[in-house]
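Taken together, the values in this text are just the output of simple stated rules run on the coordinates, not laboratory data. Since the model is a prediction, treat every value here as computed from it, not as a measurement. Note that we place each Cβ from the backbone using ideal geometry, even for glycine, and neighbour counts take in every protein chain shown.
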Amino acid sequence: MIKMPTDMQARQLIKQVPPLDATLIDPAGQTAQLNYGQGWRIVLPTTGGLVFVWKGYIDMAGYTQDDLTFFTQAVDLQNANIPVAGASTTNLNIVNLVTTRHVPDATIFPNNIGNSFLTGAGPFESLDLQEVIYGEWSTHTPYTATNIELRQLGGDTFGSGNPTASDRLHITRIVTWTGSDSLGALNVPACNFVIGGVTGQEKDLVYIERLRRAYTQDPGRNV
């Protein structure tokens, strides 16, 4: 059980992720054109389909300089709209992560796309749960063959909510698409990550150990 400091101060952290808009050129060849969406990249897995990834971070160096630990209390993901894709879409997965370390592309999709994250072939094998403060996944499919709006089939949340003394909170948003169109549109709306919590000063030994974990577990945090 985590013993909370007595000098707590409420904080709210916010990160905006831009929308993803792409034209699906050749799903079999894993190619697409990014129309807009600053920071989005196309990542190629080892089997068919398309994977789009956005990565950013929230700078918490100011807390670290004051020897403060951040205790997450709630994470709210605010989506601007519902995703839209071509009618031939068979599956669209969206994964959102708030972590204390940078998440490498190879860690996310070492095997096949689609449900690789959900079956444990993704970050669960190479990310310690303590490093995942919050995670959320959802899977979507078109309402009908003529309705390009996507309905959510399922989803869940996970994560440790662990306190952190890291100088960054990493935000990762992953979209995986599978379908049969040789040409189609994909639009995933913008999303706000709103993270509520408190900061406080812990006892020296506890804080030093937390700092050690933050820096030894994430040697590539600035990648």
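Remarks
- Calculated FRET efficiency for the pair Thr90/Asp59, C-beta based, R₀ 41 Å, to 0.05: 0.60
- Spin-label pair Arg151/Ile25, simplified geometry with 7 Å Cα→Cβ offset, distance in nm: 3.4 nm
- Computed extension gain for Phe158 through Tyr215, at 0.36 nm per residue and net of the alpha carbon distance, reaches 18.2 nm.
- Extending 7 Å from the Cα toward the beta-carbon at both Asn35 and Gln16 defines two label points whose distance is 2.1 nm.
- Among 12-21, 57-66, the order from most to least packed when residues are scored by Cβ within 10 Å on average: 12-21, 57-66
- Contour excess over end-to-end distance, with Cα ends at Gln201 and Met8 and 0.36 nm allotted per residue: 68.7 nm
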